[in-house]
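Visitor: Before anything else, here's the structure in question.
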Amino acid sequence: MTAKAHVRPDANDPTRPKRGVPEAELATRESVFRPDLLAGKTLLISGGGSGMGKATAMLASRLGANVAICGRKPEKLEATARLIKDATGKDIFTASMSIREPEAVEQLIGDVHDRFGGIDTLVNNAGGQFPQDAIEFSRKGWLAVIDTNLNGSWWMMQEAAKRWREAGTPGNIVNIVANVERGMPQAAHTCAARAGVIYLSKTLATEWAPFNIRVNCIGPGVIETEGFAVYPEEALVRFHKANPMKIRGNAWDVAEQIAYLASPAARFINGDLIIIDGGQAQWGVVWPGGMPDYFSEDGAA
């Protein structure tokens, strides 16, 4: 399927999709939560070097939490650590590793326990995908997305849960997924993986309840992050038209929801999928590779 051509926006156009919340704004942006909401709590955030992970790490630190982040690129992790140190005076834990490797995950969970004495909330934010028609997926491309988004999330959940069970302490897991209810054209690989995580989470929310472990998911819609770099500009300029508010969300919108789920206020929320998409589920479809000629632009995005 071929995509319709669109005029590429000027780089200086203020309406052009942004590549994340400016770092200075992360340090000063107002939060609805009191400054000590997460004091004494420890959050481990995968993919914490950029996007929603970085915003969550900053907010959690500002709310008093101990923060650990992991990711594949040490330079991004170190930049986030410096940003948080400058803003809050707090040192966070960083680990360069791949969640695809269960042995590395086991080491990570152990290291965070050694540093902070435990983990209160695991935020499974790491993941990735690329826009492509499903029929064109290479075997390597398919496996890479499934291995990171599904298997990697599982390794993290299982290892954290083992520690909570052994210690007899409560646990909390927040999985960042997607709204897959109507499918995700041009992103079938991540749709399959995220659907797996959603229903895995619902299952674990019941199975692990005797251990006092809660498991929930957040499904972001069109969120402006550095991840926009993998999508064509001509597709990006239409993304926000897929929700009835016709606006784009940002990483702070998601970070505040994660903070809520990590707080005592969310103690009775378990096995849920919280959608943050401006109503996209009721409105339109995002075409991350650009809308194919076959589909009319009227009523779709």
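The values are calculated or read from the model by the stated rules, or taken from the named source; none is laboratory data. Because the structure is a prediction, the values reported are computed rather than measured. Here Cβ is always computed from backbone atoms with ideal geometry, including for glycine, and neighbour counts include all displayed protein chains. SASA here: full protein model, heavy atoms, side chains in, ligands and nucleic acids out. Shrake-Rupley method; radii C 1.70, N 1.55, O 1.52, S 1.80 Å.
Visitor: Filter segment 245-263 for residues that are part of a loop (DSSP other than H, G, I, E, B) and of a type in the set (D, E, K, R); which is most open to solvent (accessible area, probe 1.4 Å)?
Guide: Ranking the candidates gives Lys246 first.
Visitor: Go through segment 76-98 and give me each residue that's free of Cβ contacts under 8 Å to residues at least 12 places away in the same chain and either closer than 19 Å to Thr225 by Cβ or assigned to a helix (DSSP H, G or I) (or both). Talk me through it step by step, then tell me what you get.
Guide: Our first condition is that a residue be free of Cβ contacts under 8 Å to residues at least 12 places away in the same chain; within segment 76-98, this holds for 82, 85, 89, 91.
Passing the criteria: Arg82, Lys85.
Visitor: Does any residue in segment 191-212 that is outside any helix (DSSP H, G or I) come within less than 9 Å, Cβ to Cβ, of a residue that is crowded, with 17+ Cβ neighbours inside 10 Å and of a type in the set (Lys, Arg) six or more places away or on a different chain, and which pairs are these?
Guide: Every condition considered, the pairs that remain are Trp208/Arg214.
Visitor: Another question, then. Could you tell me which of the residues Ala242, Ala281, Ala266 is under 28 Å from Val32 (Cα atoms), out of contact with any Leu (no Cβ under 8 Å at 6 or more places or on another chain) and crowded, with 21+ Cβ neighbours inside 10 Å?
Guide: Result of the check over Ala242, Ala281, Ala266: Ala242.
Visitor: Here is a list of conditions, (1) in contact with a helix residue (DSSP H, G or I) (Cβ under 9 Å, 6 or more places away or on another chain); (2) more than 25 Å from Leu261 (Cα to Cα), and Gly71 meets all of them except one; can you say which number that is?
Guide: (2)
Visitor: Evaluate the following for Trp155: is it closer than 21 Å to Ala195 by Cα, touching a His at 6+ places or on another chain (Cβ under 6 Å), touching a residue at least 12 places away in the same chain (Cβ under 8 Å) and open to solvent by 50 Å² or more (accessible area, probe 1.4 Å)?
Guide: It is false that Trp155 is closer than 21 Å to Ala195 by Cα, touching a His at 6+ places or on another chain (Cβ under 6 Å), touching a residue at least 12 places away in the same chain (Cβ under 8 Å) and open to solvent by 50 Å² or more (accessible area, probe 1.4 Å).
Visitor: Among the residues of segment 56-75, how many are of a type in the set (A, V, I, L, M, F, W, C) and assigned to a helix (DSSP H, G or I)? Please lay out each step first, then the result.
Guide: Going residue by residue through segment 56-75, those that are of a type in the set (A, V, I, L, M, F, W, C) are 57-60, 63, 65, 67-70.
Cutting the leftovers down to assigned to a helix (DSSP H, G or I) gives us 57-60.
Residues meeting the conditions: 4.
Visitor: Does segment 14-37 contain at least one residue that is at pLDDT 95 or above and buried (at least 22 other Cβ atoms within 10 Å of the Cβ)?
Guide: Within segment 14-37 (the criterion being at pLDDT 95 or above and buried (at least 22 other Cβ atoms within 10 Å of the Cβ)), the answer is no, since none of the residues qualifies.
Visitor: With more than 22 Å from Leu43 (Cα to Cα), open to solvent by 20 Å² or more (accessible area, probe 1.4 Å), touching a His at 6+ places or on another chain (Cβ under 7 Å) and touching a residue at least 60 places away in the same chain (Cβ under 8 Å) as the only criterion, which of Val237, Val222 stands out?
Guide: Only one candidate passes the filter, namely Val237.
Visitor: State which residue pairs qualify: first residue modelled with pLDDT of 90 or more and inside segment 240-253, second residue assigned to a helix (DSSP H, G or I) in any location, beta carbons under 6 Å apart, and separation of 6 or more residues or different chains.
Guide: Filtered contacts from segment 240-253: Ala251/Gly51; Ala251/Met52; Ala251/Ala55; Trp252/Ala55.
Visitor: A further question on this structure: Which of the numbered conditions does Gly118 fail, given that it passes all the others? Conditions: (1) in contact (Cβ under 8 Å) with a residue 40 or more places away in the chain; (2) in a helix (DSSP H, G or I); (3) open to solvent by less than 20 Å² (accessible area, probe 1.4 Å).
Guide: The number of the failed condition is (2).
Visitor: From the list Ala192, Ala188, which residue is small (Gly, Ala, Ser), farther than 21 Å from Pro102 by Cβ and open to solvent by 20 Å² or more (accessible area, probe 1.4 Å)?
Guide: Values: Ala192 fails: farther than 21 Å from Pro102 by Cβ.
Criteria check complete, one pass: Ala188.
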